[in-house]
Amino acid sequence: HYFIQSNLSFRVGMIGIGKVWERKLRFVDGFYKLFPDFRSFFIFTSYIALSCAHGLLVRASQKKGTHTDPELDGATISSYDYNPATVVLLGEFCKLLVSLGLSLHDYSARAVVGMLSQNRELALKYIVPAILYCIYNNLMFISLANYDPASYYILMQFRVVVTGVLFQVIFKKCLTRSQWLSLLILTLGCVVRQAGLVTGVVLDGKIVTVAVQVFCSCMAGVYNEFLLKSGSLPVSVQNLFFYADSLLCNLVWLGFEGNVFKALSYESIRTTWSY
């Protein structure tokens, strides 16, 4: 009897250990499917780190209490010592230079010029995501002046929900039950966070600004991926069209604001680089 009981306990223990190892192996297998090599994992973690640092640095560069908003009962509003449009413009210019450098690293200058001249129609196609990202990038400074970075990024996670739906509709990729559950949890988190922020306040311009950002980011991201996957050009060369169009869109944005010469002035650029 003692031998049989010990044998059963041993078998139960081995089954438990086996299930634990099975879950671990399943996790490892899923991890390697998501990140097949170190490069993909590095790109993913770098994107997360840079995205978080971006919002924190923008928030840290603000000056407080410069003016009050009568629509918000005299609440102090954050602003910037520099021109945000200049930051966006310089950022797109730097991205264009990086894309040009990567293109020339992989191909000769003649080959790059040939690919650009033979695919001029891509410049028109990339106008759409360039306009959307132009709106998104410029509104980001307004949103971070209204919200703290934590609240802002929680609300912006609603992009994942909208992007998931768009991917299923446009790319015909059926989401799994776990993915739908994750989207539901994200949606509830955004709703709970927003309920804590407004508590009895009607839909205001701050939420509308974030909603416009969510829409622009999702539509631009999905459309941009569609262009990248449907085109035959290297990504670095396609990015030349994209960032060139982005520069043009930001110049048009500044033109509507009447700030083209002010944003491109030496004083504005010097103030921006000082940060």
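The values are calculated or read from the model by the stated rules, or taken from the named source; none is laboratory data. Treat the numbers as computed from the prediction; the structure is a model and nothing was measured. Backbone-built Cβ (ideal geometry, glycine too); neighbour counts: all protein chains shown. Just the protein is used for accessible areas: all its heavy atoms, side chains included, with ligands, DNA and RNA removed. Shrake-Rupley method; radii C 1.70, N 1.55, O 1.52, S 1.80 Å.
So how many residues does the stretch 147-182 have that are open to solvent by 50 Å² or more (accessible area, probe 1.4 Å) and more than 20 Å from the chain's Cα centre (by Cα)? Going through the stretch 147-182 one residue at a time, the tally reaches 9. Across the stretch 206-235, what is the number of residues that are among the aliphatic types (A, V, I, L, M), more than 16 Å from ARG159 (Cα to Cα) and open to solvent by 60 Å² or more (accessible area, probe 1.4 Å)? Of the residues in that region, 1 qualify. Give the residue that is modelled with the highest pLDDT, with candidates limited to residues of the stretch 117-137 that are surrounded by fewer than 18 Cβ atoms within 10 Å (Cβ to Cβ) and farther than 14 Å from PHE215 by Cβ. Residue satisfying both the conditions and the ranking: ILE127. When restricted to residues that are polar (S, T, N, Q) and loosely packed, with under 13 Cβ neighbours inside 10 Å, the stretch 236-275 contains 1.
Scanning the stretch 201-209 turns up at least one residue that is part of a helix (DSSP H, G or I), at pLDDT 75 or above and out of contact with any helix residue (DSSP H, G or I) (no Cβ under 6 Å at 6 or more places or on another chain). In the stretch 114-158, counting only helices (runs of 4 or more DSSP H) that sit wholly within it, the ones holding 1 or more residues that are without any contact (Cβ under 8 Å) to a residue 40 or more places away in the chain span 121-125, 149-156.
So which residues in the stretch 222-241 are touching an Asp or Glu at 6+ places or on another chain (Cβ under 8 Å) and part of a helix (DSSP H, G or I), if there are any at all? I'd like the intermediate steps shown before the answer.
Narrowing the stretch 222-241 to residues touching an Asp or Glu at 6+ places or on another chain (Cβ under 8 Å): 234, 236.
The answer is SER236, and nothing else.
Please list, ordered by first then second residue, the pairs with beta carbon atoms under 8 Å, 6 or more apart or interchain, first in the stretch 77-99 and more than 23 Å from ASN239 (Cα to Cα), second of a type in the set (D, E, K, R) and outside any helix (DSSP H, G or I). From the stretch 77-99, the pairs are ILE77/ASP69; SER78/LYS63; SER78/LYS64; SER79/LYS63; TYR80/LYS63; ASP81/LYS63.
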